[in-house]
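> Okay, handing you the structure first.
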Amino acid sequence: MSLNRTDYRGNPERVAALVRDTEVHKDLYIDQGLFELEMEHLFSNTWVFVGHGSQIPKAGDYYTTTVGTQPVVMVRHTDGSIKVLYNRCPHKGVKVAGEGCGNTGKFFRCPYHAWTFKLDGTLMSIPLKKGYEGTGLEDTEAAQGLACVGAMKVYRDFVFCRLNAEGVGFEEYFGQSLSTIDNMVDRSPEGKLEVAGGMLRYMHHCNWKMLQDNQTDTCHPMVAHESSAGTAVKVWNEAPPGTPKPMAVELFAPFMSPYEFFEKMGIRVWDNGHGHTGVADSIHADYSAVPGYKEQMVAAYGEERANAILGDVRHNTVYFPNIMVKGPIQTLRLFKPIAADRTLVESWTFRLVGAPDLLLERTCMYNRLVNAPTSVVGHDDLEMYERAQEGLHSQGSDWVNVARLYDPAEKGQANVVTNGTNEWQMRNQFRAWSQYMTASMTASTTQGA
């Protein structure tokens with residue numbers, strides 16, 4: 001069946017029909033009109049990652065990014081709090097904060113006409129203000145200053161926002177899935193992370209959901225990565241006896257684990273599209289011990305608690321809609337939607353404050369080898385995404401299959417552990433996609449009636 005793509009706007013029923021129990025329509029990946037509806041309804045009503053507090057330690061420090069396709073700026077206020085504002089001057093629309101990060105002092109100053117704003121967005125001053133006397137400026141949007149996003153939350157220094165003022169609460173949205181962030185932060189003897197080692201980013205010519213799907217797809221590593229990780233393992237196996245095992249081989253080798261390994265490692269499924277691979281085991285479970293680290297953790301938490309923290313070796317945690325966290329290796333990947341067929345991928349690394357530097361070295365090496373524009377493993381995935389993005393335009397079939405290990409009883413269940421090769425988590429994401437898309441579209445249609 002081929003759906004009429006011109007009917008999606010204003011038709012939540014048509015959008016709902018794109019997601020079935022065991023398959024989704026290809027338009028979720030290739031239709032630009034549907035992508036624009038995602039920006040309007042999905043990314044505006046879910047909680048989206050903005051940045052980390054360690055990026056803006058001092059008053060006036062700022063970091064610019066996007067939420068969906070909306071430009072925002074995260075800034076440290078003079079009172080030490082964090083604000084997330086739309087990066088748009090209310091006068092002529094110019095971005096007040098330049099790309100990236102910096103320090104703006106005690107206020108933002110628009111580079112076009114020098115309107116200035118306090119760090120909380122409040123309008124501070126206008127040049128030649130007398131020219132607005134009697135114009136009613138005070139009753140316009142321009143007088144309100146830089147607009148704040150609808151809601152924001154700082155959770156253990158991770159900054160999230162919801163663009164719309166009304167909607168699901170932070171704790172309700174994430175629920176038990178926040179345990180992955182807790183575990184990553186608790187791996188620091190001081191219970192603190194900081195962004196370090198640089199952020200890697202490069203453009204992917206594919207839809208953002210392909211990257212999100214891939215994070216819990218455990219049936220592809222030993223296939224797609226055979227030429228990269230498989231070659232590294234083959235070369236290592238030919239090394240003379242007694243050769244010290246390089247860190248890179250430790251990081252590469254688990255990608256070539258057999259299906260049985262991934263089946264037994266398990267997947268946990270949470271509400272609202274969140275979930276993680278690596279319940280009983282993971283590809284991060286068997287790295288070499290870092291001298292002195294365990295002792296630091298025992299001193300900080302006690303032996304029982306330290307063992308519990310370090311023994312939780314989750315593989316990939318998906319936070320719907322567009323981030324993935326690897327707690328044991330301290331990385332975060334953000335899949336920033338640009339268009340239906342373009343996604344900017346940012347790969348972040350974190351330092352465990354107070355922990356040995358060797359842990360950050362391993363984190364940075366993993367990011368370079370797996371997630372960088374010059375990576376080895378990551379380009380295996382990228383080729384698959386781009387082939388899929390092209391192949392989905394084929395007229396041969398309209399549907400993408402996500403039926404592996406499907407059980408009709410799974411719908412409505414949460415915090416469930418299942419076989420590690422189950423595509424339940426993918427189906428979980430698509431159900432959340434349908435839920436948030438159609439609820440918002442229905443509300444908009446009702447308000448417009």
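What follows is calculated from the coordinates using simple rules that are stated; it is not laboratory data. Please read these numbers as outputs of a predicted model, since none were measured by experiment. Positions of Cβ are generated from backbone atoms using ideal geometry, with glycine treated the same way; all protein chains shown enter the neighbour counts.
> Of the GluC sites (Glu not before Pro) in segment 81-156, which ones lie in a loop per DSSP and count no more than 12 other C-beta atoms within 10 Å?
In loop regions of segment 81-156 (DSSP not H, G, I, E or B), the sparsely surrounded GluC sites (Glu not before Pro) are 99, 133.
> Provide the convex hull volume over Cα atoms per residue for segment 350-428, in Å³.
165 Å³
> Going by how many other beta carbons lie within 10 Å of each one, how would you line up 94, 345, 75, fewest first?
94, 345, 75
> Next question, about the same structure. Would you list 37, 405 from fewest to most Cβ contacts within 10 Å?
Ascending Cβ contact count within 10 Å gives the list 405, 37.
> Related question: Return the FRET efficiency for the residue pair residue 94, residue 442: r is the Cβ-Cβ distance, R0 is 41 Å, and the value is rounded to the nearest 0.05.
0.70
> With n ≥ 4 as the cut-off for DSSP H runs, can you work out [θ] at 222 nm for the chain, using -39500 (n - 2.57) per run divided by the number of residues, rounded to the nearest 500?
Theoretical 222 nm ellipticity from helices: -8000 deg cm²/dmol.
> Taking the number of other C-beta atoms within 10 Å as the exposure measure, put 228, 397 in order starting with the fewest.
In order of increasing Cβ crowding within 10 Å: 397, 228.
> Just want the answer: with Cβ charges of +1 for Lys and Arg and -1 for Asp and Glu, which residue in 17, 247, 232 is farthest toward the dipole's positive end in the chain?
247
> Do any cysteines of the chain lack a neighbour Cys whose Cβ is under 4.7 Å away, and which are they?
101, 148, 161, 206, 219, 364 - these cysteines have no disulfide-compatible partner (Cβ-Cβ under 4.7 Å) in the chain.
> Still on this structure: How much net charge surrounds residue 104 when only the other residues with a Cβ under 14 Å from the Cβ of residue 104 are counted, with Lys and Arg +1 and Asp and Glu -1?
Charge balance near residue 104 sits at +4.
> Decide, for segment 191-434, between rounded, prolate and oblate: order the square roots of the alpha carbon gyration tensor eigenvalues as a ≥ b ≥ c, take rounded if a/c falls under 1.5, and otherwise choose prolate if a/b is larger than b/c, else oblate.
Verdict is prolate for segment 191-434.
> While we're here: What's the local net charge at residue 177, with K and R +1, D and E -1, over the other residues with C-beta under 12 Å away?
-2
> Sticking with this structure for a sec: Counting Lys +1, Arg +1, Asp -1, Glu -1, what net charge surrounds residue 54 among other residues with beta carbon under 12 Å of its beta carbon?
Here the charged neighbours net out to +2.
> Out of all Cα-Cα pairs in the chain, roughly what percent, to the nearest whole number, are more than 42 Å apart?
19 percent
> Lys pairs in segment 48-155, Cα-Cα under 14 Å, at least 8 apart or on separate chains: how many?
For segment 48-155, the number of qualifying lysine pairs is 6.
> Report the charge-dipole magnitude of the chain in Debye, nearest 20, computed about the Cα centre from +1 at each Lys and Arg Cβ and -1 at each Asp and Glu Cβ.
The dipole magnitude comes to about 1240 debye.
> Counting C-alpha atoms alone, how compact is segment 48-155: give Rg to one decimal and Dmax as a whole number, in angstrom.
Final numbers for Rg and Dmax: 13.8, 45 Å.
> Work out from phi, with θ = phi - 60° and the Karplus expression 6.51 cos²θ - 1.76 cosθ + 1.60, the ³J(HN,Hα) of each residue of segment 145-154, listed in order in whole Hz, and give x for Gly and Pro.
Coupling constants for segment 145-154: x, 6, 6, 7, 5, x, 7, 9, 8, 9 Hz.
> Give a quick list of GluC sites (Glu not before Pro) in segment 163-244 that DSSP marks as loop, anything other than H, G, I, E or B, with at most 13 other Cβ atoms within 10 Å.
166, 190, 238
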